[in-house]
1. Rank Val55, Val88, Val20 by mean-square fluctuation in a GNM of the chain with C-alpha springs under 10 angstrom and give only the top-ranked residue.
2. Can you give me the three principal axis dimensions of the chain from its C-alpha atoms, in Å, biggest first?
3. Near the amide H of Ala149, under 5 Å away, which other amide H atoms are found, from residues 5 or more places off or on another chain, if H is placed in the peptide plane?
4. Could you calculate the FRET efficiency of Ala121 with Glu25 from 1/(1 + (r/R0)^6), where r is the beta carbon distance between them and R0 is 25 Å, rounded to 0.05?
5. Could you list the GluC sites (Glu not before Pro) in region 192-281 that lie in coil according to DSSP, counting only those with at most 13 other Cβ atoms within 10 Å of their Cβ?
6. If each residue of separation counts as 0.36 nm, what is the full-extension length gain between Arg265 and Lys2 once their alpha-carbon separation is subtracted?
7. Could you calculate the contour length gain from Thr35 to Gln254, that is, 0.36 nm times the residue separation minus the distance between their Cα atoms, to one decimal place in nm?
8. About the Cα centre of region 162-233, what is the dipole size in debye to 20, counting +1 per Lys and Arg Cβ and -1 per Asp and Glu Cβ, all else neutral?
Amino acid sequence: MKIGFIGLGNMGAPMAANLVAAGHEVTGFDVAGVTVEGVAQAGSAAEAASGCDAVITMLPNGQILRDVYAQIVPAGQAGAVFIDCSTVDVDSAREAAITAEDAGLLPVDAPVSGGVGGAAAGTLTFMVGGSDKAFAKAQPLFEIMGQKAVHCGPPGNGQAAKICNNMILGITMIGTCEAFALADKLGLDRQAMFDVVSTSSGYSWSMNAYCPAPGVGPQSPADNDYKPGFAAALMLKDLRLSQQAAESAGAITQMGGRATEIYERFVEMDEEGRDFSAILPWLSDPAKV
Ligand code: NAD
């Protein structure tokens, strides 16, 4: 396939490299001038998109996605699949899809989970919104860049699934950190706390797979001075998107709202850009909370 790839940052660069390794002809563009071995460099987003069977975008936010789509949709080849893997607001995703569909293209929103490690290893999970036809055309590329793709429904539903998942993640991480902080004050050993909760009804991915307490449970960013991992600023981005979507859809998400406020405060106070699980050491520093 001839593929255009726009946005070759921390995630986009390794994803594009995996497509090249699988034998596809990839042309890339990034405003920062990033180059990736094996990826031909275009002079603009429109140039990268023109004449391609598939165009993939991996961009920072919804406004940039809208701007880039305004350039690449007119350059798209009829019937090409347009795969947006960025995490953006649901409204921008739906608007981008409408613009692309009106131009005879096959758009999907396909945000990912798995982070930079998953992008490099080709083990991302894609949450996909779009028509059956568009999903089917994108599927072989998801198989190269990831290990799982779930078709969540019409355009925007991939982003909806992503922000619902990450709202749960933000809430459970804060709850898990607060429980450890409470256990500390009550004189309950962290290992004992992990042994009980990880096999009881308080278990979650935050506790079992990504434990915020160093030296407890499987290896996690807590064991590496809370270097990300998943930076708190990215968690905050996703929580804000969840609250924007909740407001727009009229959903009541009180815990999501509180989690957003807590991460806003944490990101503002934390000078090291730590992982989102560093809420735990932060809670033991009352002057900063
Ligand atoms: P990044 O900032 O490293 O990469 C974004 C790239 O887009 C940059 O290289 C930037 O120069 C480029 N860009 C910006 N405007 C552009 C334009 N107009 N035209 C072309 N290129 C442009 O970010 P990232 O970590 O690669 O994340 C990309 C997306 O993936 C974000 O939406 C993020 O929320 C999401 N995401 C990131 C992770 C992660 O762990 N990093 C995990 C899941 C999802």
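1. Val20
2. Principal extents (Cα only, largest first): 65, 42, 34 Å.
3. Long-range HN contacts for Ala149: Phe126.
4. Rounded to the nearest 0.05, the efficiency is 0.65.
5. Qualifying residues, ordered by number: Glu271, Glu272.
6. Result for the pair: 90.2 nm of gain on full extension.
7. 74.5 nm
8. 220 debye
The values are calculated or read from the model by the stated rules, or taken from the named source; none is laboratory data. On a predicted model such as this, the values are computed, not experimentally measured, just so you know. Don't worry about glycine lacking a Cβ; one is built from the backbone with ideal geometry, like all the others, and counts go over all protein chains shown. Note: accessible area is taken over every heavy atom of the protein model, side chains too, but ligands, DNA and RNA are not part of it. Shrake-Rupley method; radii C 1.70, N 1.55, O 1.52, S 1.80 Å.
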